[in-house]
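Working notes, structure below.
Coordinate-derived values only; no laboratory data. Quick caveat, the model's predicted, so the values are computed rather than measured. Here the Cβ positions follow ideal geometry from the backbone for every residue, glycine too, while neighbour counts run over all protein chains shown.
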């Protein structure tokens, strides 16, 4: 029986898939997930559990969900966790929940080991699609965990991340916010009253990238 290609993503980025990514792009290194680091020798109940870890690469990589932007206590612990591992000599990386594995993003994180073969293996496994054109773009599509819910420090983290990620990510995030606002007809639900978000959705992007995303109103569009 001939296989029918899947035309919509059914998978998503998770802690488990972050570990799969690391193993796929850096297969010569040993990676493990959910490792505990006890930072207080006198109390075994005090530890950091990390999503993705390699001692050979001296790298910690965390998948960060919405509570890392809208919970002040979580943000405080995130800062302490990052400082703890960096003081031990580890590279500390984060994968925000609004980020997706586009080719730009893959090249950004895996520049030294990127190949098309690895990229195809990764997106097919994670999203269960046959073409990268069918992957959701970075941004906000139907989630209720929109930037309107972020606390002030979460907003600062969000914009700081955008400056460090490929330029295409900022363009795609802005476009998804505009489309989401248009769909729900209430900007407050999506970006709240923060002026930085208002500036982002009004920003004009002059450079055009070959990046594809899906939206509820337009199933396919190239930016």
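Couple of notes before you dig in:
- If you plug the beta carbon distance of residue 91 and residue 8 into 1/(1 + (r/R0)^6) with R0 = 35 Å, you get a FRET efficiency near 0.50.
- Each of the peptides 174-182, 30-38 was scored by the mean count of other Cβ atoms within 10 Å over its residues; in descending order, highest first, they stand as 174-182, 30-38.
- Here r is the Cβ-Cβ distance between residue 58 and residue 125 and R0 is 30 Å; the resulting FRET efficiency, rounded to 0.05, is 0.70.
- Ellipticity estimate at 222 nm from DSSP helix runs (n ≥ 4, -39,500 (n - 2.57)) divided over the chain, nearest 500: -12500 deg cm²/dmol
- Highest-fluctuation residue, 41, 166, 187 considered, GNM on the chain with Cα pairs under 10 Å: 41
- Beta bridges by DSSP in the chain, antiparallel share as percent, to the nearest 5: 60 percent
- Rounded to the nearest 0.05, the FRET efficiency derived from the C-beta distance between residue 195 and residue 67 at R0 = 25 Å is 0.55.
- Reducing the range 57-85 and the range 162-202 to their Cα centroids gives an inter-centroid distance of 23 Å.
- Intensity falloff of the range 15-222 expressed as log10 I(q)/I(0), Debye formula with alpha-carbon point scatterers, at q = 0.12, 0.15 Å⁻¹: -0.68, -1.04
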